[in-house]
Structures are given as C-alpha cells and as structure tokens.
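Working notes, structure below.
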Amino acid sequence: MMFSLPHSLRRRLRPLVLVFVAFVTFHANAAPSDAPASERPLYALCGAYPPEMAALAKEFGTGGAGWVQSSVKGITFWKGTYQGKDVLIFRTGISLVNAAYQLQLALDHFPISHILFAGVAGGTDPALHVGDVVIPERWAYHSEAAYLNEDGKGGFHVPDYLKPKYENFGMIFPDDVAAIREGDTDFKEIAAFPADATLLAAARRALPKLPPQRKAGRDVSVSVGGTGVAGPVFLDNARYREWVFRVWNARCLDMESTALAHVAYANRKPLLIIRGLSDLAGGQQGKNPIDSNEARVSEIAARVLRGVLDEL
C-alpha cells in the first residue's frame, strides 16, 4: 500500500527538499580543498639534517601559528597547511638506513599521499657547479656491491651468483638491488627507482617561474632529468667520483635519496627529490667545501621545492 502526504503538507516540505538537494549538489561538486581533511592529499616535505630542516622551516614557517607538532618514536612531525594544501614536515636522518626507516615510520602513521625531499648533495656531473640544483628522474645505489679478493692474475675471484653488469672500481663490483612490493610474487632486480612522472612534470612547469637564485656571485642552474645515486658514504674522492659518473652518468650523489625512492616504490607513493650541490664530491681542489655551502644551498633547494608544490 502506498502512503500519500496531504497536499498542504507537501507544499510545506517542498522548500526543505530543495535546500537538501542544493546541499548535496554543492558537496558533491566541492573542490578538493573543500573536502574533509581525511580525503585531501597530504604532502610530506622532508630534509635529512639540520641545515636542510632549517631551510624548510624558513620557507614554510614551520612551528608558527596553525602548525601542530607530534612525535613518533623520537621523530618530530610538524603538520600544517601551505596554500590550502596539507603538509607534513619531518627529518629523515642521514644515510640510507635512517632515511628508509624514518620514511616508512611516517607512512605507517600518517596518510601521506606524496613525498618531496629537498637537500644538498655532491655534484658528480662535471658540467655542474656548486649551488646548481638537480631533480633526477631516477635513483640508483652506487654501493650495492660485492667486495672481492684479487686472483693473483690481475683479476678478481667473482662468485657464481654475481653476473657483473657494471664496470668495477678495483675490488668493488656494483650490482642492482632486489625489491618487492604489493602485487609482486617475488623480489626483482631494480637498476634504478623512478621519480614520479606527475611530480617531474610539475617541476618542469615550475622551473621558468622560479625567481633567480644566486650562489657565489652567479645565477645557479636548476634542471630536471638524469640519474642520481646514493650510498652510505660521504664521498670526497676524485677517482671514485669519475667512476660514478662514468658508470651511471650520475648527476649527483648523496646518502639518502635512493633509500627514499626505494621505500616510495615499495609503498607505491609518488616521490620527487630535489638536490642542491653543496660540493663536488671530491672534484674540488683541496678541502671539501660542504661546511661553508650547506646552509645557503639548502635554502635554494627548499625554494625550488616550494615552487614545485605551487604547481600541484
């Protein structure tokens, strides 16, 4: 049996129905920034050590009004907004293990949608100078390797498992790392972990809009593309630097990036890493100049990161 409202009651309810329909229609078509916080992207903005974190704090005003601080297993997280975007700023720590562990910790405790890192690196491309910024398309490990004994005949004892793909550096025989992620049935060798294509496109859009950045009396270059490498060593050796460039055509070298890219790959999270060159990884004459360059170059990298975020 159907139930019918009296005509007079239907007339009274009609304005309420129209209001309800308008409310539903508005929220169905709301812009992403009007969506509930749980549904908006959360951009993780990272640095590895104090100069990089100071640059991010300066660029984004971390710790000011509207920022909420929390701590997980000793790692401090700052959550706030920038230009209507939700952002989470934290320190990955120096070197591969710290970077991998602390990024995974963040992913396990916060609904991070994108990962962006800004920091310093050693330049391995001889065409680049201190202060220049590189945004590589991919990241490889330069020190995933076997260290082998000499065979007394001018060669080395290579174990059966190792099928060398790359030129060795003396006893050091580099190899690809094996990785696995959701949907894979087994580990597979990865020569280099990719940066996210959408974030790389945003970086390319941002470049012509960036204000000039100066270091040592010159406008620095900012470029997207190529390969970066990382390993658990602070590199300050000209011969090893030349080898790294020869084998991977690497534009820069640092101690965290490939681990971050590895974790992002395993979690299927988009990632972009921005590196300003604080030194030439041993290509300079005399003492490595990172100490006198790290603060200013970190600021340049953080400014580029903000420009990329503006494009998202």
Worksheet item: Does Asn149 count as surrounded by 12 or more Cβ atoms within 10 Å (Cβ to Cβ), more than 24 Å from Tyr265 (Cα to Cα) and at pLDDT 95 or above?
Response: no
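For every residue, the table says whether it meets (1) of a type in the set (Val, Ile, Thr); (2) under 18 Å from Ile115 (Cα atoms).
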position	(1), (2)
Tyr240	no, no
Val244	yes, no
Asn249	no, no
Leu271	no, yes
Ser278	no, no
Gln285	no, no
Glu299	no, no
Arg306	no, yes
Item to complete: Assess whether Arg275 counts as being among the charged types (D, E, K, R), under 20 Å from Pro50 (Cα atoms), at pLDDT 95 or above and surrounded by 21 or more Cβ atoms within 10 Å (Cβ to Cβ).
Response: yes
Item to complete: Select from region 203-224 the residues that are in contact with a strand residue (DSSP E or B) (Cβ under 8 Å, 6 or more places away or on another chain) and surrounded by 14 or more Cβ atoms within 10 Å (Cβ to Cβ) and list them in ascending order.
Response: Ala203, Arg204, Leu207, Leu210, Gln213, Val220, Ser221, Val222, Ser223, Val224
Worksheet item: On the given criteria, is Ala100 part of a strand (DSSP E or B) and of a type outside the set (Ser, Thr, Tyr)?
Response: no
Discussion item. Against the conditions (1) crowded, with 22+ Cβ neighbours inside 10 Å; (2) within 24 Å of Ala106 (Cα to Cα); (3) among the aromatic types (Phe, Trp, Tyr), where does Tyr265 fall short? Just the number, please.
Written reply: (1)
Practice prompt. Could you grab me the full set of residues in region 85-123 that are among the charged types (D, E, K, R) and within 19 Å of Leu56 (Cα to Cα)?
Written response: Lys85, Asp86, Arg91
Worksheet item: Of the numbered conditions (1) farther than 18 Å from Ser298 by Cβ; (2) out of contact with any Phe, Trp or Tyr (no Cβ under 8 Å at 6 or more places or on another chain); (3) surrounded by 16 or more Cβ atoms within 10 Å (Cβ to Cβ), Gly66 satisfies every one except a single condition; which is it?
Response: (3)
Discussion item. When you check Ala65 against the structure, is it in contact with a helix residue (DSSP H, G or I) (Cβ under 8 Å, 6 or more places away or on another chain) and either touching a residue at least 40 places away in the same chain (Cβ under 8 Å) or not in a strand (DSSP E or B) (or both), yes or no?
Written reply: no
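The values are calculated or read from the model by the stated rules, or taken from the named source; none is laboratory data. Note that the coordinates shown come from a computational prediction; the quantities given were computed from them, not determined experimentally. Ideal geometry is used to build each Cβ from the backbone, glycine not excepted, and the neighbour counts take in all protein chains shown.
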